[in-house]
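Q: Supplied in structure tokens, the structure appears directly below.
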Amino acid sequence: PLFALLRLPASHEVWPRVVGVLALVLAHYYTQAARHEVVAFFRWTISARLMVFVVFGLFVVFGLSPFPLALLGTVDLASALWTAWALRPSPVN
């Protein structure tokens, strides 16, 4: 179903499953970082998610992927900006 949403051809290879496992591992990292309030981890994700936005956009521009992948990159852009906003320094009173 995800491939269809992104207009990608179905695959019967192992690689999509490998990527799924990697996504689960990343989800575990995010969960543990949140549970233990590792704020630095979330700061690190901002630049990484901005990079995802740029790279996914380039994949579409160069015809390596259909347009819906750029939309997925836009979600990463929005979440990176939201995280940056949430972690901005508090004003000094």
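Q: Consider Val92 carefully, then state whether it is exposed (fewer than 11 other Cβ atoms within 10 Å of the Cβ), assigned to a loop (DSSP other than H, G, I, E, B) and either touching a residue at least 24 places away in the same chain (Cβ under 8 Å) or not acidic (Asp, Glu) (or both).
A: Numbers: exposed (fewer than 11 other Cβ atoms within 10 Å of the Cβ): yes; assigned to a loop (DSSP other than H, G, I, E, B): yes; either touching a residue at least 24 places away in the same chain (Cβ under 8 Å) or not acidic (Asp, Glu) (or both): yes.
Judged against the criteria, Val92 is a match.
Q: If I ask for residues that are in a loop (DSSP other than H, G, I, E, B) and either of a type in the set (D, E, K, R) or under 16 Å from the mean Cα position of the chain (by Cα) (or both), which ones from region 71-89 would you list? Break it down into steps so the answer makes sense when it comes.
A: Restricting attention to region 71-89, the residues satisfying the condition of being in a loop (DSSP other than H, G, I, E, B) are 87-89.
Once the filter is applied, which keeps residues that are in a loop (DSSP other than H, G, I, E, B) and either of a type in the set (D, E, K, R) or under 16 Å from the mean Cα position of the chain (by Cα) (or both), region 71-89 yields only Arg88.
Bear in mind these aren't lab numbers, they're just calculated from the coordinates by the rules spelled out. Keep in mind the model is a prediction, meaning the values are calculated, not measured. Neighbour counts are summed over all protein chains in view; Cβ atoms, including those assigned to glycine, are modelled from backbone coordinates with ideal geometry.
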